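Worksheet: the structure to be examined is printed underneath.
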Amino acid sequence: MRARKRFGQHFLEPEWVGRVVEAIAPAPADTFVEIGPGHGALTFALAPKVRRLVAVEIDRDLAPRLAERVPANVTVVRADFLHAPLGAVLGEGGVTRIAGNLPYNISTPILARLLEISGHGTAVADATVMLQREVAERLAAAPGSTDWGVLSACQQLRARVERLLTLPPGAFRPAPRVHSAVVRLTYHPPDPQVRDAALFDQMVRSIFLQRRKMLTNALAAFAAGHGRDAGAALGAAGIDGRRRPETLDLAELGRLADVFASA
């Protein structure tokens, strides 16, 4: 079957499957959810190495064809992972691991969904996923770098990010125009601990929309929306308002968010 553009399909070539499975590092007692199994290249390699595998496929033609061929410990669910009922995907009890070749066009919403359902590592332990290399670089970025921003700060607050493998365009069929990377996200409670994680995310999104401005100006709209003065909030957090948003590390962002959470 031909790849469908609307689903962002790029199927992993067989010669790369072993290297990706090695990066995932499955164990016999593991329960996995695979996002976007496609023709099942990764599915059939993972299945003998794990206790249970749930493959979530949005394509109404691919899903039934895959379901006809999988071994007994694999369940194929025809659904959009972004909106699939968690009971149908994660099952009852235990900790799930995630694997998948994420469509480039919706990789960021899927990463956000994984954070939402992770339960800080109690429901989803980790996710090992293939992403566009540029997205992987943003995920793993350090404070002060050009890639440090909303994605890296919000994900790194709740997950340890490891880049495991780089894949060339030829690792997929059809070949994308960009390189890809395999990344593992290991979920944990917010570190640093913050009083309101949702407010932290809102603040980070707001100030990074104006990353070229000084913090006092970048924070002004968010502060006004919470009945606070930006300069006073920065002072309470011990942060120089002349700095730029991208220079703040997680500890500083957490202190600043807590100032608003305590108002």
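The values are calculated or read from the model by the stated rules, or taken from the named source; none is laboratory data. Since we're looking at a predicted model, the values are computed, not measured. Every residue, glycine among them, receives a Cβ derived from its backbone with ideal geometry; neighbour counts consider all protein chains shown.
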Inset, instruction - Could you name every one of the strands (runs of 3 or more DSSP E) located completely within the range 64-132 that has at least 1 residues being touching a Lys or Arg at 6+ places or on another chain (Cβ under 8 Å) and under 23 Å from Val21 (Cα atoms)? - result: 74-78, 124-132
Inset, instruction - For Arg195, work out the one condition from (1) in contact (Cβ under 8 Å) with a residue 40 or more places away in the chain; (2) under 17 Å from Val150 (Cα atoms) it doesn't fulfil. - result: (2)
Legend entry - Some residue of the range 170-183 being part of a helix (DSSP H, G or I) and assigned by TED's automatic domain parsing to the domain that holds Asn105: yes
Inset, instruction - Out of the residues in the range 235-254 that are free of Cβ contacts under 8 Å to residues at least 24 places away in the same chain and assigned to a helix (DSSP H, G or I), state the one that is nearest to Cys154 (Cα to Cα). - result: Glu252
Legend entry - Filter result (among the hydrophobic types (A, V, I, L, M, F, W, C), surrounded by fewer than 18 Cβ atoms within 10 Å (Cβ to Cβ) and in a helix (DSSP H, G or I)) within the range 192-219: Ala198, Leu199
Legend entry - Residues satisfying the stated conditions in the range 140-159, i.e. loosely packed, with under 15 Cβ neighbours inside 10 Å and free of Cβ contacts under 8 Å to residues at least 60 places away in the same chain: Ala142
Inset, instruction - Those residues that are surrounded by fewer than 19 Cβ atoms within 10 Å (Cβ to Cβ), touching a His at 6+ places or on another chain (Cβ under 7 Å) and at pLDDT 95 or above, I need them from the range 167-191; list them, please. - result: His188, Pro189
